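K.L.:
Let me give you the structure first, and then I'll get to my questions.
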Amino acid sequence: MYFGSALNGLERRVDRHLRSEKALYWHIDFLSAVATVREVWRTYSLENAECCWTELAETIAEASTPVLKFGSSDCIFCKSHLIMVTYKTQVNLITRRIQEYSRSSGLACRDILRPSSTEI
Ligand SMILES: [Zn+2]
C-alpha cells in the first residue's frame, strides 16, 4: 500500500499514477511501472494525511516497510510511505481505521492510531 498526497490536484495526480506512459520521477512511478494497481482510495482534506495513514497502517499486525524512505524522502515522520501487507483482512482493517480517523475530526492522529487488542 502506498500513501501519497496531492494538495494541488488529486485527480490529476491519481491519473498520472495510473498511466503506464510517463516519465519516471517519483518512487511510486518506478513501482507502478512494474506493479498492478488494485485499488485507489481518495479523500479530500485540508490536512496532509499521508503520514497519519502510513503510521496507522504500520500498526497492523505483520505490516512492514519493505523499502525505507519510499515516497517519504522529505518526510521527517515516516520510515516509508509504502507499507506491505499480505492479507485482505489487513487491508480491510487499515481501511476501517482510516475511515474512523477521517470521521473523527479534531482527534490527533496518535489518538486514533492506538490499536485495540481485539483487532490485532
Ligand atoms: Zn510521512
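K.L.:
Across the stretch 32-87, what is the number of residues that are more than 10 Å from the ligand (Cβ to nearest atom), within 21 Å of SER102 (Cβ to Cβ) and either assigned to a helix (DSSP H, G or I) or in contact with a Lys or Arg (Cβ under 7 Å, 6 or more places away or on another chain) (or both)?
P.N.:
So the count comes out to 3.
K.L.:
Another question, then. For the stretch 21-54, which positions are among the small types (Gly, Ala, Ser) and loosely packed, with under 10 Cβ neighbours inside 10 Å?
P.N.:
So the first thing to find is which residues in the stretch 21-54 are among the small types (Gly, Ala, Ser), and the list is 23, 32-33, 35, 45, 49.
Selection gives ALA23 alone.
K.L.:
Give all pairs with beta carbons closer than 9 Å in which a residue from the stretch 1-30 that is under 13 Å from TYR44 (Cα atoms) and hydroxyl-bearing (Ser, Thr, Tyr) meets a residue that is in a loop (DSSP other than H, G, I, E, B) and more than 16 Å from the ligand (Cβ to nearest atom); count only pairs at least 6 apart in sequence or on separate chains.
P.N.:
Within 9 Å, no pair qualifies.
Quick note: the coordinates plus some simple rules give every number you see, no bench work behind them. Here the structure is a predicted model, which is why all the values come from computation and not from measurement. Ideal geometry is used to build each Cβ from the backbone, glycine not excepted, and the neighbour counts take in all protein chains shown.
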